[in-house]
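Participant: To start, I am sharing the structure in question, which I have written as structure tokens.
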Amino acid sequence: MVLLCCRDDSGRLWRLADTCRTCTAATPHAAVVTEPLRHSPAALRPPRLLSPTDPAAGCPGDTVQIDGTSLSTTTRVNFGSAAVIPTSVTATQVTFVVPDSAPCAGQVSVSVTSTTGATSNALPFFVIAPPTTTGLSLTCLPAATGGPVTLLGANFLTGTQVRVGTIGNVAFTPSRPSQVNFTAPANPGRVGTVSAQPVTITIAGGTSRSGTTSIDYYLAPTITSTAPTSGTAEDEITINGTGLVNVDTVTFTDSATATAAAARARCGVAVMAILRPVMRIGARLGALPLPVL
């Protein structure tokens with residue numbers, strides 16, 4: 001049997017009919033309709049990654065995008081030895097999150113596997129250890145000027161900037177993996193006697209955790225009174241004022257400009273905001289009025 005297309009004598013009416021080949025030859029104005037060739041299903045192409053991942057480096061928790069072809073049936077991302085479930089899949093793009101099981105640092109291979117078990121080619125991805133901060137060379141700075149500070153920690157070599165709380169970012173050029181020198185900016189907008197600002201560092205692999213390291217900005221001290229206002233050697237003197245934070249020395253000077261230094265105070269102790277340092281006049285000064293300079 002074949003499919004026959006024929007028309008009437010007028011040429012205005014066409015019809016299709018199943019007929020045998022003998023009848024087909026005897027039918028005027030007719031032709032056999034050619035059947036389409038039968039094709040076997042096209043072979044499935046394995047997924048292929050066409051370009052490096054974006055970004056090509058990162059740390060655990062970062063979202064990574066893979067571009068390629070035949071990715072629509074992707075079921076997992078092979079991140080080194082770890083199997084990661086993708087967060088989104090299209091024919092040309094797969095997105096996933098770098099797993100916590102990623103190595104601390106170093107290069108891994110990234111590929112994808114489809115529902116048929118086909119695995120794509122692999123691309124390199126560099127895992128960067130996130131930075132950590134452990135301390136600062138100075139924890140107190142004048143609010144009016146700021147000043148040079150050394151930040152201590154680990155994994156700083158790919159660093160680009162240090163952030164000082166709400167004050168802003170400071171760019172730097174890394175030279176050592178565990179130490180960064182930068183100049184903390186002034187803090188003219190601070191409120192109160194002490195303003196604590198967290199210090200974080202940003203590298204190619206992320207930003208250090210906030211709250212681990214901080215700088216205290218303080219106002220310049222002002223003396224309002226002493227009690228008592230005069231005395232003899234070895235008397236205790238209380239100095240009252242504002243901004244008496246991070247007091248390093250109190251100096252007593254007599255008319256002959258002989259001086260004695262006393263009392264050190266640590267920054268960061270709450271009582272420093274209302275500091276009343278207790279000092280004793282040096283015995284070598286004898287009895288004299290107590291102007292405080």
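The values are calculated or read from the model by the stated rules, or taken from the named source; none is laboratory data. What you see is a predicted model, and the numbers here were worked out from it, not measured in a lab. When we count neighbours, we look across all protein chains shown, and the Cβ atoms used for this are built from the backbone with ideal geometry, even at glycine. Just so you know, the surface numbers come from the protein's heavy atoms only, side chains and all, with ligands and any DNA or RNA stripped out. Shrake-Rupley method; radii C 1.70, N 1.55, O 1.52, S 1.80 Å.
Participant: Counting only residues that are modelled with pLDDT under 85 and either under 18 Å from the mean Cα position of the chain (by Cα) or open to solvent by less than 60 Å² (accessible area, probe 1.4 Å) (or both), how many does region 183-193 have?
Facilitator: 3
Participant: Return the residues of region 124-140 that are modelled with pLDDT under 90 and open to solvent by less than 40 Å² (accessible area, probe 1.4 Å); say none if nothing qualifies.
Facilitator: Listed by number, the residues that qualify are Phe125, Val127, Ile128, Ala129, Pro131, Cys140.
The rows are residues; the columns are (1) in a loop (DSSP other than H, G, I, E, B); (2) of a type in the set (Ser, Thr, Tyr); (3) within 30 Å of Val127 (Cα to Cα); (4) at pLDDT below 90.
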| residue | (1), (2), (3), (4) |
| --- | --- |
| Val170 | no, no, yes, no |
| Asn181 | no, no, yes, no |
| Arg209 | yes, no, yes, yes |
| Ile237 | no, no, no, yes |
| Ala260 | no, no, no, yes |
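Participant: Can you name the residue in region 114-140 that is of a type in the set (Val, Ile, Thr) and not in a loop (DSSP other than H, G, I, E, B) and, of all such residues, is nearest to the chain's Cα centre (by Cα)?
Facilitator: Thr132
Participant: Moving on. Out of Ala143, Ala204, Ala196, Ala171, I need the residue that is touching an Asp or Glu at 6+ places or on another chain (Cβ under 6 Å) and not acidic (Asp, Glu). Which one?
Facilitator: Testing whether each residue is touching an Asp or Glu at 6+ places or on another chain (Cβ under 6 Å) and not acidic (Asp, Glu) leaves just Ala196.
Participant: Give all pairs with beta carbons closer than 6 Å in which a residue from region 168-179 that is under 21 Å from Ile215 (Cα atoms) meets a residue that is among the small types (Gly, Ala, Ser) and modelled with pLDDT of 90 or more; count only pairs at least 6 apart in sequence or on separate chains.
Facilitator: What qualifies is Ser178/Ala154.
Participant: For the list (1) hydrophobic (A, V, I, L, M, F, W, C); (2) closer than 17 Å to Thr134 by Cβ; (3) touching a Gly at 6+ places or on another chain (Cβ under 8 Å); (4) not in a strand (DSSP E or B), I need the number of the one condition that Ala220 fails.
Facilitator: All conditions are met except number (2).
Participant: Out of Ala26, Ala43, which single residue is loosely packed, with under 11 Cβ neighbours inside 10 Å and modelled with pLDDT under 65?
Facilitator: Exactly one residue qualifies, and that residue is Ala43.
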